[in-house]
1. Measure out, as a whole number of angstrom, how far apart the alpha-carbon centroids of region 201-234 and region 1-69 sit.
2. Which value, in Å to one decimal place, does the Kirkwood hydrodynamic radius take for region 29-158 when every pair of different Cα atoms is included?
3. Once you order the gyration tensor axes a ≥ b ≥ c over the Cα atoms, which shape class does the chain get: rounded for a/c under 1.5, otherwise prolate or oblate by comparing a/b with b/c?
4. Around THR291, with a cut-off of 12 angstrom between Cβ atoms, what is the net charge of the other residues, counting Lys and Arg +1 and Asp and Glu -1?
5. Could you list the residues of region 183-222 with an amide nitrogen less than 13 Å from a label point located 7 Å from the Cα of ASP265 in the Cα-to-C-beta direction?
6. From a point 7 Å beyond the Cα of THR72 in the direction of its Cβ, which residues of region 296-319 have a backbone N at a distance under 14 Å?
7. Treat every Asp and Glu Cβ in the chain as -1 and every Lys and Arg Cβ as +1, leave all other atoms uncharged, and give the resulting dipole magnitude about the Cα centre to the nearest 20 debye.
8. Cα to Cα, under 27 Å, and not fewer than 8 places away if on the same chain: which lysines meet these conditions relative to LYS200?
Amino acid sequence: MIKKTIAIVGTGLAGLSCAVRLKELGHHVELFEKSRGAAGRMSTKRGEDWTADHGAQYFTARDPLFIEQVKTWLAEQVVALWTPEIKVFEANQWTTFQSQDLRYVGTPAMNTPAKQLAKGLVLHASQTIDALSQKDGQWFLHSAETGDIAQGFDDLILAIPGPQAFTLAQHLDPNIQAIAGQSNMKGCWTLMARFEHQPKVSFEAAFVNQEIISWVARNSSKPLRTGLESWTIQANPLWSQEFIELNKEDVTERILACAKKLGLDCAEAEISVHRWRYASGATTAALGFYTNPTLQLSLCGDWLNGGRVEGAWLSGYHLANQFAE
């Protein structure tokens, strides 16, 4: 097998999973990330004496390959089971959520498994890749922060949300234009509320239907969380997308009014707001990943594989295995 030099843009779970597997196969891999560190939407916000998972809230494992990865994380103590009391709110009524699914979270924060995967990888943070070019069979990248990146790469993998892949590579491959163009990813407004004392509510997490809010969870109920009592409140994708450009003050007012209706009064809480421009959604057909061997250009991500944490990891892993074939 020919050993290649491969660039991966994006360090969410798909990009990291892909990089780890490619490294195992003997390739040289370098990752480029626009944020300050790895994790993508498996993120944790930190403040003075508080933390809150403000992206993915938990994950499940059904595929045998991902189950083995979760077992490894459990052994490394970067993941633990989360067993909150979950309720459902719909039509002004509360019911208890019935599910046999095992729910896992990163410990002590949701981004810990991603950080574990990133250990030993070559990762260039704070590098927004905004242009691509090919010369003499090699890929060259341009960074918004630092300009042209001198090193060329044999292969390029875009492990970023569909709309971003569309913007970056639609002119290179009509298939990418078609696939990424129908990724249908929606935004998500997320609020994080910190309290001096635990609010008196009858749930630790809740699915909310037909309201502005779609999910609310007591971050402090997750294993190994420390600091102030914190809650994460996520607006539903359709509402978030409709009001994605609304100012944060109006978004906060509307979401907190809905939270109060649910019994979570945040009047005394400190509030932080985060806008995920691309949070949820997937292509109609779960391709798993996409690769163009002629161009030596590939895509992976949760949006290509069902839109879940597990799907992201599998997308990157299976794409990497294509390089073994």
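Please treat every number below as a calculation from the coordinates, not as lab data. The model shown is predicted, which means the values in this text are computed figures rather than measured ones. Here Cβ is always computed from backbone atoms with ideal geometry, including for glycine, and neighbour counts include all displayed protein chains.
1. Using only Cα atoms to place each centre, the spacing works out to 24 Å.
2. Evaluated on region 29-158, it is 17.8 Å.
3. Taking the square roots of the gyration eigenvalues as a ≥ b ≥ c, the chain is prolate.
4. Summing Lys/Arg as +1 and Asp/Glu as -1 gives -3.
5. 199-201
6. 313-318
7. Roughly 380 debye, rounded to the nearest 20.
8. The reachable lysines, counting only those whose Cα sits under 27 Å from LYS200, are LYS45, LYS87, LYS222, LYS248, LYS260, LYS261.
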